[in-house]
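Undergrad: Could you have a look at this structure, given as structure tokens, before my questions?
Bear in mind that the values in this text are calculations on the coordinates, not laboratory data. These numbers were taken from a predicted model, which means no experiment stands behind them. We place every Cβ from the backbone using ideal geometry, glycine too, and count neighbours over all the protein chains shown.
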């Protein structure tokens, strides 16, 4: 199998996995409440209130740090996938591919920040970047 193709597959899986992880976790939490109909309403309400009380608020400082990480990971991943070891050319297709990598990376990190899972997403993308290199 071509190593370039493997790098692309690893990069796509790594960039999408923080968002997929949150969606799976939200689906499980919704399913747990429906799966236990014998639970009283008061217990469900108190559990929801305690969970909402422990949630962190979103900070613009955290968003700024997440955007710095997104820029860093986008540069490293796009350099590793598209630029490294090739003759430098200024083709429009390479520019679009680099913008696509930056868009996917930034979107997954910003969504993770919105869901208060920024640290996990940064960890997953750092491992993805390590594997792509």
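Undergrad: How do the peptides 115-123, 90-98 rank, highest first, by the average count of neighbouring beta carbon atoms within 10 Å per residue?
TA: Sorting 115-123, 90-98 by mean packing, highest first, produces 115-123, 90-98.
Undergrad: Moving to a separate point now. Testing the spin-label approximation: label points 7 Å from Cα along Cα→Cβ at residue 23 and residue 96. State their distance in nm.
TA: 2.4
Undergrad: Here is a follow-up. Sorted from largest to smallest, which semi-axis lengths in Å does the alpha carbon gyration tensor of the stretch 68-127 give for its equivalent ellipsoid, taking the root of 5 times each eigenvalue?
TA: 25, 12, 6
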